[in-house]
């Protein structure tokens, strides 16, 4: 009788342990899916805003090129001024790439993956 109870106890314990491990793996998968979904949503939103900003910037650049052309009397000089402006912005972006831009992107991705949610806090208690 005692032996049967012990084997029954160990079988139940093993089943409970296997169920716990399976539940924990499922929880980790669901948490990873949530984080990846947040990252994809952030990327999609960023790309949509970047596309809209591109078109606004494109039309503003054309408008500025014609404005400077009317002031200087030459299309080449007017659009050259706008090109010079964009070249200077390009140089600034290249020079601040490591210090500012990459740091911001890395911090944003880390924040998404390491952000504690209410459900994460409940699991630890």
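Just give me the residues in the range 38-81 being touching a residue at least 24 places away in the same chain (Cβ under 8 Å) and over 30 Å from residue 115 (Cβ atoms), in sequence order. It would help to see each step written out before you state the result.
If we filter the range 38-81 for residues that are touching a residue at least 24 places away in the same chain (Cβ under 8 Å), which is where we start, we get 38-39, 42, 61.
Residue satisfying the conditions is 61 alone.
Pairing each residue of the range 94-120 that is closer than 14 Å to residue 35 by Cα with any residue that is part of a helix (DSSP H, G or I) and at pLDDT 80 or above, provided the two are 6+ apart or on different chains, yields C-beta distances under 7 Å for 109/39; 112/35; 112/38; 112/39; 112/42; 113/35.
Here residue 67 fulfils each of the conditions (1) modelled with pLDDT under 95; (2) touching a helix residue (DSSP H, G or I) at 6+ places or on another chain (Cβ under 8 Å) apart from (1).
The values are calculated or read from the model by the stated rules, or taken from the named source; none is laboratory data. Keep in mind that this is a model prediction, so the values were computed, not measured. Please note: Cβ atoms are built from the backbone with ideal geometry, for glycine as well, and neighbour counts cover all protein chains shown.
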